[in-house]
Amino acid sequence: MSTPSPTDLEAVQKEIQDIKTLQEKDFDDWTKVEKRKYGMNENVAYQQLSEEKWQLNEILNILLRNQQQQAGNLSVETPKNFDPNSYELDFPFFQANGVTYLSVIARKGQFDKINAIVTGRTSEPKYQPIVVSGSRGIGKTFMLKKIGMQDHPHKLDALENSKKCGRVVSFDCSTMTFAKKAYEANAMDMDQKDMFPSLEQFFPCLLIFFLCRMFDGYTVDGILFKKAGGVYKVLSHQGHQTKFNEWINKWREKPVDACIEEYIRLTNIAFDKNFSAKDAPLVFLLDEVQQWTHVTKFKSKKDGYHTIISKLLTLLANSRPVCVCAGTSIGKLFEITDKSAIKPISVDLETFSKKEDYELFWKELTDHELKGKPDSFEYSMDDADVLALIYASYQIPRILWIAHREWFNGKKKDLKKELVLQTFERRARGYYPEMSKLLINKEYSV
């Protein structure tokens with residue numbers, strides 16, 4: 001058999017892409033030619049499309065297999081089985097924020113509420129995604145990480161199991177946008193290249209991305225995984241093994257419920273566990289969800305239309321994984337989903353209102369900076385410069401962190417206190433432009 005030419009592969013891939021584009025179009029917008037080809041009845045036509053796409057994917061798999069065999073690209077090394085000891089939880093899309101050395105402070109009520117929702121999620125009449133809300137810098141991303149790591153005094157056994165067997169999946173919604181045609185009615189096809197083309201494919205591709213990242217270079221159930229370059233890249237990702245390519249071509253087209261089952265199946269095999277979805281639930285941690293509050297073409301059961309995030313959350317209603325979202329604004333999420341299959345629950349974060357809370361935060365930051373260093377210095381929380389910076393930060397954790405950094409640098413370099421306060425003000429405004437004037441109390445002026 002001759003090696004398939006790039007033209008053969010490209011032709012099949014183009015046909016598959018054309019079918020995907022047609023599937024995303026409203027049936028009323030189909031041309032007469034398209035309706036004659038696939039059917040005048042809407043349900044029949046979409047079913048015919050799905051069957052043809054499945055057949056084309058099978059042809060694509062055969063072409064890829066033949067190409068790899070002819071070119072000698074199949075792996076000849078004995079692949080290694082996944083080693084659970086090599087796994088380490090990480091958050092590839094989240095920014096660094098001191099989560100490894102700072103404890104959870106003044107958040108007991110929030111964790112108690114979250115744990116109650118997680119524990120009762122399968123028995124409630126409606127699916128309950130959790131929405132952590134608060135102003136910028138209040139500690140939302142920090143809380144998401146601590147939930148995933150289960151690094152706090154209010155742990156749950158089920159979530160601890162999830163952490164240990166790779167079932168924590170995270171994403172920063174500000175890092176990706178959807179093509180308008182994915183959510184807008186009658187949108188012109190003028191979107192940029194790397195915009196995600198489908199709401200329904202987002203969660204499957206996110207799950208595949210994390211499986212490929214976690215198992216990169218290892219085999220699980222005979223599948224030799226290869227890391228993908230990003231969630232968007234999963235749409236066209238291929239590996240070095242035929243079985244992997246057949247697997248990924250199949251699963252990126254599946255609905256999210258089936259993909260969740262596959263994720264649980266593979267992680268049980270990889271980690272040599274037998275955890276059910278109840279014993280070790282899949283955990284989605286979605287940050288910056290305010291970026292996905294655009295109104296879509298999808299009608300909600302409430303009068304009106306879903307936003308991107310509300311539509312995505314409804315896709316999880318059947319499987320009921322743990323889903324914790326975080327954002328500065330969630331639009332009309334609660335009104336939109338009032339009659340839907342989901343009932344989002346809000347968890348609000350506030351500033352450090354108690355003296356012992358922000359003092360503990362300051363002390364932990366100082367201890368971390370001094371750890372392993374020979375130089376030290378004496379300070380008191382009642383020092384005028386410390387009090388001035390704490391007051392000016394509004395006790396917002398992120399601003400308080402900026403204040404501490406400038407204070408610590410000033411101590412190391414023996415800078416004048418006035419210069420430290422000026423530098424802090426400039427950096428704080430750079431992070432939080434809305435702070436038109438930082439309040440540095442005259443009582444604490446230096």
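Name the single residue, out of those in segment 334-362 being part of a helix (DSSP H, G or I) and touching a strand residue (DSSP E or B) at 6+ places or on another chain (Cβ under 9 Å), that is surrounded by the fewest Cβ atoms within 10 Å (Cβ to Cβ).
In the first step, residues of segment 334-362 are kept if they are part of a helix (DSSP H, G or I); the result is 334-336, 355-362.
Of the ones still in play, those that are also touching a strand residue (DSSP E or B) at 6+ places or on another chain (Cβ under 9 Å) are 334, 336.
Working: Phe334: 14, Ile336: 27.
Applying the filter and picking the extreme gives Phe334.
Taking Lys250 and the conditions (1) basic (Lys, Arg); (2) without any contact (Cβ under 8 Å) to a residue 24 or more places away in the chain; (3) closer than 20 Å to Leu56 by Cα, which numbered condition does it fall short on, given that it satisfies the others?
Checking Lys250 against (1) basic (Lys, Arg); (2) without any contact (Cβ under 8 Å) to a residue 24 or more places away in the chain; (3) closer than 20 Å to Leu56 by Cα, the one that fails is (2).
Search segment 172-202 for residues being in contact with a Pro (Cβ under 9 Å, 6 or more places away or on another chain) and within 15 Å of Leu315 (Cβ to Cβ), and hand back the single one that is surrounded by the fewest Cβ atoms within 10 Å (Cβ to Cβ).
Per the criteria, the residue is Glu200.
Which pairs do you get when a residue that is modelled with pLDDT of 80 or more, found in segment 3-32, comes within reach of a residue that is of a type in the set (A, V, I, L, M, F, W, C) and not in a helix (DSSP H, G or I), reach meaning Cβ atoms under 8 angstrom, with the pair 6+ apart or on two chains?
From segment 3-32, the pairs are Leu22/Trp30.
For segment 84-101, give me each residue that is modelled with pLDDT of 85 or more and within 13 Å of Lys140 (Cα to Cα).
First, the residues of segment 84-101 that are modelled with pLDDT of 85 or more: 84-94, 100-101.
Matches in segment 84-101: Phe94 only.
Which one is surrounded by the fewest Cβ atoms within 10 Å (Cβ to Cβ), of the residues in segment 306-333 that are farther than 16 Å from Lys126 by Cβ and at pLDDT below 90?
For segment 306-333, the residue satisfying everything is Ser329.
Quick one: how many residues across segment 378-410 are more than 14 Å from Gly430 (Cβ to Cβ), without any contact (Cβ under 8 Å) to a residue 60 or more places away in the chain and outside any loop (DSSP other than H, G, I, E, B)?
Final tally of qualifying residues: 13.
Filter segment 130-168 down to residues that are of a type in the set (Lys, Arg) and part of a helix (DSSP H, G or I) and give me whichever is surrounded by the most Cβ atoms within 10 Å (Cβ to Cβ).
Here is the first cut: in segment 130-168, the residues of a type in the set (Lys, Arg) are 136, 140, 145-146, 155, 163-164, 167.
With part of a helix (DSSP H, G or I) added as a condition, the list becomes 140, 145-146, 163-164.
On the way: Lys140: 25, Lys145: 23, Lys146: 19, Lys163: 19, Lys164: 18.
Only one residue tops the list, namely Lys140.
Name every residue in segment 169-178 that is hydroxyl-bearing (Ser, Thr, Tyr) and outside any helix (DSSP H, G or I), in order of residue number.
Keep residues of segment 169-178 that are hydroxyl-bearing (Ser, Thr, Tyr), which gives 170, 174-175, 177.
Correct list: Ser170, Thr177.
Hey, can you tell me all the residues within segment 241-269 that are under 22 Å from the mean Cα position of the chain (by Cα) and of a type in the set (A, V, I, L, M, F, W, C)?
Ile248, Trp251, Val256, Ala258, Cys259, Ile260, Ile264, Leu266
Only one residue in Gly134, Gly166, Gly229, Gly139 is within 19 Å of the chain's Cα centre (by Cα) and free of Cβ contacts under 8 Å to residues at least 12 places away in the same chain, so which one is that? Walk me through it before giving the result.
Working: Gly134 fails: free of Cβ contacts under 8 Å to residues at least 12 places away in the same chain; Gly166 fails: free of Cβ contacts under 8 Å to residues at least 12 places away in the same chain; Gly139 fails: free of Cβ contacts under 8 Å to residues at least 12 places away in the same chain.
Matching residue, one of Gly134, Gly166, Gly229, Gly139: Gly229.
Of the residues in segment 78-118, how many are in a loop (DSSP other than H, G, I, E, B) and within 20 Å of the chain's Cα centre (by Cα)? If you could, list the steps in order and put the result at the bottom.
So in segment 78-118, the residues in a loop (DSSP other than H, G, I, E, B) come out as 78-79, 82-83, 87-107.
Still in the running and within 20 Å of the chain's Cα centre (by Cα): 87-100.
Qualifying residue count for the region: 14.
The values are calculated or read from the model by the stated rules, or taken from the named source; none is laboratory data. Fair warning: this is a prediction, and the values are worked out from it, not measured in the lab. Virtual Cβ from ideal backbone geometry, glycine too; neighbours counted across all protein chains shown.
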